[in-house]
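Data block below; observations after.
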Amino acid sequence: MRRLFRRHIRKTLAHDVSPILQEANFVFEKGEYGRAAELFERIAQTADARGGARAPLFHLQAGRARILAGQTSLGMPSLKRGLELLAQRGQFPRLRGAGRRVIAELNERGLQNEASEMETWLKSVLPSMPSFDVSEMPSKKTVLPTHCPSCGAATRPDEVVWLDEVTAECAYCGSPLRAET
């Protein structure tokens, strides 16, 4: 019982958030995509070398920042690496969601060739995906804050890990996010 209580307390306390992650999220929100990409790439490489659980997300965000900075040729390898890590780890539902988002964002920016390339790759990986019952997913999620109070990252209900009905974990730093009232 005591261990469970300690684990719960640890989850509810704010995590020590890396200053580089805070800066990366801050400059991304300011629209300084080139600088944000450099920072997310550093974070992604470090997380990747450690086998960190958030490495795919950091690669995807680095690629997204490069694309937004108009550096498509530098962004595509990061996007691919993030998706590849999700596939290697067998996180197929997350891969499907992230892949759809990447393809949609590439198409929105007029990068149809790149979007087509990603779509072809995803089709080659996803057919082996186990069946996924949509009814297992909660139909309505609680409204989260728009940004993580600890690291400043934009929060998306489909990227967070839900701890209970009203609490989620930030996909970037792991801090708990409580529903807005």
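Bear in mind that the values in this text are calculations on the coordinates, not laboratory data. No experiment lies behind these values; they were computed from the predicted model shown. Here the Cβ positions follow ideal geometry from the backbone for every residue, glycine too, while neighbour counts run over all protein chains shown.
Could you work out how far apart the two model spin labels at residue 163 and residue 46 are, taking each label as a point 7 Å from the Cα in the direction of the beta carbon, and quote it in nm?
Rounded to a tenth, the inter-label distance reads 2.3 nm.
In which sequence would 146, 72 go, from the one with the fewest C-beta neighbours within 10 Å to the one with the most? Numbers along the way, then the final one.
Numbers: 146 9, 72 16.
Taking fewest neighbouring Cβ atoms as first place, the list is 146, 72.
Collect residues whose amide H, placed 1.01 Å from N in the peptide plane, falls under 5 Å from the amide H of residue 147; neighbours closer than 5 in sequence don't count.
Counting only residues 5 or more places away or on other chains, the set is 155.
If you stretched the chain out fully between residue 124 and residue 156, how much longer would it get, using 0.36 nm times the residue separation minus the C-alpha to C-alpha distance?
Length difference between fully extended and current span is 8.9 nm.
Order by neighbour count: 143, 160, fewest other Cβ atoms within 10 Å first, most last.
143, 160
Please give the charge dipole size of segment 18-126, origin at the Cα centre, charges +1 on K and R Cβ atoms and -1 on D and E Cβ atoms. Round to the nearest 20 debye.
For segment 18-126, the charge dipole is close to 340 debye.
Taking a ≥ b ≥ c as the square roots of the Cα gyration tensor eigenvalues, with a/c under 1.5 meaning rounded and otherwise prolate when a/b beats b/c, else oblate, which class fits segment 26-105? Working shown, then result.
Numbers: a/c = 2.03, a/b = 1.34, b/c = 1.52.
Oblate shape, in that a/c is at least 1.5 and b/c is the bigger or equal ratio.
Sort 16, 48 by Cβ crowding within 10 Å, fewest neighbours at the top.
Fewest-to-most ranking of 16, 48: 16, 48.
Normalised radius of gyration for segment 140-181, please: alpha carbon Rg relative to 2.2 N^0.38 Å, two decimal places.
0.96
Work out, step by step, the length gained on full extension between residue 117 and residue 100: first 0.36 nm times the residue separation, then minus their alpha carbon distance; give nm to one decimal.
Numbers: separation 17, 0.36 × 17 = 6.12 nm, distance 1.26 nm.
Length difference between fully extended and current span is 4.9 nm.
Which far-off residues, 5 or more places away or on another chain, put their amide H under 5 Å from the one on residue 177, with H placed in the peptide plane?
Counting only residues 5 or more places away or on other chains, the set is 168, 169, 170.
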